[in-house]
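In what follows, a single structure is set out as C-alpha cells and then discussed.
The values are calculated or read from the model by the stated rules, or taken from the named source; none is laboratory data. Remember, predicted model here, so these are calculated numbers, not experimental data. Cβ sites come from the backbone with ideal geometry, for glycine too, and all protein chains shown count toward neighbours. Areas reflect the complete protein model, heavy atoms only, side chains present, ligands, DNA and RNA absent. Shrake-Rupley method; radii C 1.70, N 1.55, O 1.52, S 1.80 Å.
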Amino acid sequence: IDAVKQITGGKMVGISEDGRKKREEWLEATRKEEEEKSRRATKAAIQRWDAADTASDDHPYLERKCITATGAIRQSEDGKLLIPVYGLDGNMQSVQAISGDGEKRYQASAPLSYGSFCMGINMGGQTIICEGYATAVSVYDAMAGHVCVAFDCGNMEKIARKYVEQGRS
C-alpha cells in the first residue's frame, strides 16, 4: 500500500470492475493452458515408458552405484534408465530419465509434486522415503521393507505427511 501511495502521489487506486474481470479471465485461461500442457506432458511420459524395455543391471549408472535394476524400471532406446513417477492416485504422471553418467531429467512440464516410486509392500509397517532411486534401492536391498523414492527433497515431507494422513506411515 505504501508503495502504491508513493507512486500515485498519495492517492489510493484500485482495479476497476472491468479490469478485475479481465484479470480473472486471464488467470483462468492461464490455469487451463497449464493443465493442458501438463496433461500432454504426462501422456508423452507414458508413451516413452511404454516404448522402453526392461532395464538391464549392466547399465553404467547402476554399475557405478553398485545397485541392480530393482523395481519395475525400464531402459529407453537411447540407453537412459526410466523410473516411473506415480501420483497419489496411483497413476503415472511423469518419468525420470537417468543417463549413464548420472544426469537426471524429468519429462518437461509433467507434474512432480507428490510424485513417488515405491518398492516392496507396505504391510502396515513403516515406509522409508528417500530422495533418489539409488539410495532407495540400497535401503531396500538392506532391509526389504517398503521404500519410496520422492525424487526431490521438497517432495519428501509432502509424501510423508500424506502417508500419515492416509494411515500408511
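Listed conditions (1) crowded, with 18+ Cβ neighbours inside 10 Å; (2) among the polar types (S, T, N, Q); (3) closer than 14 Å to Ala150 by Cβ are all met by Thr135, apart from (1).
Of all residues in the range 138-163, those being surrounded by 15 or more Cβ atoms within 10 Å (Cβ to Cβ), over 25 Å from Asp57 (Cα atoms) and not basic (Lys, Arg) number 5. Considering only residues that are under 23 Å from Met143 (Cβ atoms) and either open to solvent by 70 Å² or more (accessible area, probe 1.4 Å) or part of a loop (DSSP other than H, G, I, E, B) (or both), which ones fall in the range 46-61? Within the range 46-61, Ala55, Asp57 meet the criteria. So Ser16 ticks every box in (1) of a type in the set (Gly, Ala, Ser); (2) surrounded by 10 or more Cβ atoms within 10 Å (Cβ to Cβ); (3) over 28 Å from Ala108 (Cβ atoms) but one. Which box is left unticked? For Ser16, the failing item is (2). Among the conditions (1) open to solvent by 40 Å² or more (accessible area, probe 1.4 Å); (2) of a type in the set (Gly, Ala, Ser); (3) modelled with pLDDT of 95 or more, the only one that Ala97 does not satisfy is (1).
Yes or no: Arg64 under 24 Å from Ala142 (Cβ atoms) and in a helix (DSSP H, G or I)? In short, yes.
I'd like to check something: does the range 77-87 contain any residue that is closer than 18 Å to Ser113 by Cβ and surrounded by fewer than 18 Cβ atoms within 10 Å (Cβ to Cβ)? Scanning the range 77-87, I find at least one residue that is closer than 18 Å to Ser113 by Cβ and surrounded by fewer than 18 Cβ atoms within 10 Å (Cβ to Cβ), so the answer is yes. Taking the range 77-106 as the range and being out of contact with any strand residue (DSSP E or B) (no Cβ under 7 Å at 6 or more places or on another chain) and either of a type in the set (Asp, Glu) or part of a strand (DSSP E or B) (or both) as the test, the residues that pass are Glu77, Asp78, Asp89, Asp101, Glu103. Among the residues of the range 121-135, those that are modelled with pLDDT under 95 and more than 17 Å from Leu88 (Cα to Cα) comprise Met123, Gly124, Gly125, Gln126.
Give the range 1-54 a look and list any residue that's within 30 Å of Ile98 (Cβ to Cβ) and polar (S, T, N, Q), or say none. Passing the criteria: Ser38, Thr42, Gln47, Thr54. Selection over the range 114-129 of residues that are touching a residue at least 24 places away in the same chain (Cβ under 8 Å) and open to solvent by less than 60 Å² (accessible area, probe 1.4 Å) gives a count of 9.
Would you mind finding the one in Ser38, Ser94, Ser76 that is touching a Leu at 6+ places or on another chain (Cβ under 7 Å) and within 22 Å of Lys158 (Cα to Cα)? Spell out how you get there, then give the answer.
Numbers: Ser38 fails: touching a Leu at 6+ places or on another chain (Cβ under 7 Å); Ser76 fails: within 22 Å of Lys158 (Cα to Cα).
Exactly one of Ser38, Ser94, Ser76 is touching a Leu at 6+ places or on another chain (Cβ under 7 Å) and within 22 Å of Lys158 (Cα to Cα), namely Ser94.
Screening the candidates Ile67, Ile73, Ile7 for the property of being modelled with pLDDT under 95, hydrophobic (A, V, I, L, M, F, W, C) and out of contact with any Pro (no Cβ under 6 Å at 6 or more places or on another chain) yields one hit, Ile7.
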